[in-house]
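Right, one structure below, let's go through it.
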Amino acid sequence: MSGTKTPSKWIFIPIIDGITYEFNTNNNDINSIKINSQELQLVDSKKEELYYDNRNNEIKKINNVFVLFGTIATSYSNKIKIELTLNPCDYIRGFIFSVNENGLNNLADIFENYIELNVSNKSFAILNRENKLNIPSTITIYVAKCDATVCINRNETEIKNVNSGVIKINGNDVSQDLLRIFRYSTQKV
């Protein structure tokens, strides 16, 4: 085996209603995630950076949830649509993962008509921070594209909760009580 590293990119994956997230784990490491059946192979999934605490096959806590302010997310045509609002009261919560280059080919089936933005890791708050996180200085987000530029949503927004059945870990639903951490802003209808 050569000493070359698989090319990868750190990306932000928001957790929202209307989208299904299935985490495949092995020895508490997250190996891959399926987002509406589109698989992303993960790179650098370290035990010391667990996204959940697994004791007796029971999820006790979800760690290292990233919060991005000034954005909203919606489920649009079975894909994730992120838009900027530039309002600090709006936010979306999710995870960041290092995804290998092959997995990045599936992004068009996960995100709606997007443009890639690289933002500083200081743009994120982190909830339930567990251990020292080894993340890069920039993280990629996929924001919806309007014409040739980024969409700015000026409509009224509201905070929503993620409901049960959205996140599955090794085939098991995460409890509604634990999902309360995944509140997010979306367009008010």
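The values are calculated or read from the model by the stated rules, or taken from the named source; none is laboratory data. Predicted model only: the values in this text are computed from it and were never measured. Heads up, the Cβs are rebuilt from the backbone with ideal geometry, glycines too, and the neighbour counts pull from every protein chain shown. Side chains are part of the model used for accessible areas, which takes the heavy atoms of the whole protein and leaves out ligands, DNA and RNA. Shrake-Rupley method; radii C 1.70, N 1.55, O 1.52, S 1.80 Å.
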### Summary
Within segment 99-115, restricting to residues that are open to solvent by less than 10 Å² (accessible area, probe 1.4 Å) and part of a helix (DSSP H, G or I), the one that is farthest from Thr71 (Cα to Cα) is Gly103
### Residues that are buried (at least 18 other Cβ atoms within 10 Å of the Cβ) and either over 25 Å from Asn105 (Cβ atoms) or at pLDDT 80 or above (or both), drawn from segment 44-58
Leu50, Tyr52
#### Entry: Hey, Lys81 more than 28 Å from Glu130 (Cβ to Cβ), touching a residue at least 12 places away in the same chain (Cβ under 8 Å) and charged (D, E, K, R) or not
yes
#### Entry: Members of segment 65-98 that are open to solvent by less than 40 Å² (accessible area, probe 1.4 Å), of a type in the set (Ser, Thr, Tyr) and not in a strand (DSSP E or B)
Thr85
### segment 65-110: number of residues that are acidic (Asp, Glu) and touching a Gly at 6+ places or on another chain (Cβ under 9 Å)
1
### Message
Quick check on Asn63: is it at positive phi and out of contact with any helix residue (DSSP H, G or I) (no Cβ under 6 Å at 6 or more places or on another chain)?
### Response
no
### Query
Regarding Lys168, is this residue among the charged types (D, E, K, R), modelled with pLDDT under 95 and touching a strand residue (DSSP E or B) at 6+ places or on another chain (Cβ under 7 Å)?
yes
### Task
Filter segment 121-164 for residues that are in a strand (DSSP E or B), of a type outside the set (Lys, Arg) and over 16 Å from Ile92 (Cα atoms) and give the result.
Thr138, Cys146, Thr149, Val150
